[in-house]
Amino acid sequence: MKRNFTLIELLVVISIIAILAAMLLPTLNKARETAMKIKCTSILKNYGNALILYAGSNDDFMPVMMDATFGGVPPSMIWWANDDFRATIGAGAGEGDFWPRHLFDVGAICPKSSAVLTVGPQLSPSGKSRYYCHVSYVAPHHASTDPYWYSIYTAGYAKSFKLSKLPHPSASVAFVDGGGHSVNELNVENTNVAAVAQSKYRIGGEANGFSDSENQIAWERHVGGANNLFYDAHVDFLKSNEAVSKAPAMYRDIMKR
């Protein structure tokens, strides 16, 4: 004889399913966060390999790792606009002039960044769906009169440098989870180490969009920390307390270390 569930039995089953779902949800969220952090690490390693390949093809010089466009310099040599570097990291060919060249294919963008999760896809001049690179990864601002630096433009501030001349490539950050065109070098000589570190690292998650007050710093993006790519092409995930204590050294002018 066929027997149907009673209402009470059905409610009990639904309750059990709800309890199990609530127990599993944190685990699923953690797995998702871990997957995005691993994907980000893989992308940054690709950036590191691209830097080494670029140096090998350009007499050991890096692409320009600081923003030079505000000095009236064409953007073609800056890392995010340099077509040779873009091709190696899978960002796709650059289009147009200034802002369109900030648009990367999704494979070169951190999946946890506000470029993907908040700002969202943008249409390039050719109609491609792309994402803003400067709310994905950021390069420390290196400005120096050191003789190891090479001024590409005499009237602008675009500068490159030889990879082999770095004093400590394994301790100098090339790219980090963050936003803006560079990790700002303001107050780098300040004797208040905590203040310098805080000016370079945002604790408490990622900024949304393009707020200037949240730009030019590294962001706590992946479960309490950020991925850092160093010039020897290795990637380290640093928790916030580690990053803040090391920020003045990791993100400062690499030729002054």
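Quick note: the coordinates plus some simple rules give every number you see, no bench work behind them. A quick note: this is a predicted structure, and the numbers were derived from the prediction, not measured. Glycine also receives a Cβ, built like all others from the backbone with ideal geometry; neighbour counts cover every protein chain displayed.
If the chain linking ILE52 and LEU28 were pulled fully straight, counting 0.36 nm for each residue of separation and taking away their Cα-Cα distance, it would gain 5.0 nm. Each peptide in 125-137, 47-59 was scored by the mean count of other Cβ atoms within 10 Å over its residues; highest first, the order is 125-137, 47-59. The 3J(HN,Hα) values that the Karplus relation (6.51, -1.76, 1.60; θ = phi - 60°) gives for the range 29-40 are, in residue order, 5, 5, 5, 5, 4, 5, 4, 5, 5, 5, 4, 4 Hz. Gly and Pro appear as x. Close amide-amide hydrogen proximity is noted between GLY179 and GLN216, ILE217, TRP219, each under 5 Å apart and 5 or more residues distant or on a separate chain (H modeled in the peptide plane; Pro and chain starts excluded).
Karplus-based coupling profile of the range 19-24, in residue order and whole Hz: 5, 4, 5, 5, 6, 7, with θ = phi - 60° in 6.51 cos²θ - 1.76 cosθ + 1.60 and x standing for Gly or Pro.
Summarising the amide proton neighbourhood of ASN228: residues at separation of 5 or more, or on other chains, whose placed amide H is nearer than 5 Å comprise ASP236, PHE237, LEU238. Summing +1 for each Lys or Arg and -1 for each Asp or Glu among the other residues whose beta-carbon sits under 12 angstrom from that of ARG86 gives -2.
When each of the peptides 230-241, 19-30 is scored by the mean number of other C-beta atoms lying within 10 Å of its residues, the order from highest to lowest reads 230-241, 19-30. Legend: distances between Cα atoms for LYS37/LYS246; LYS30/LYS165; LYS112/LYS165; LYS45/LYS162; pairs beyond 31 Å are LYS30/LYS165; LYS112/LYS165.
Ranked by how many other Cβ atoms sit within 10 Å of their own Cβ, fewest first, the residues VAL119, VAL173, VAL12 fall in the order VAL12, VAL119, VAL173.
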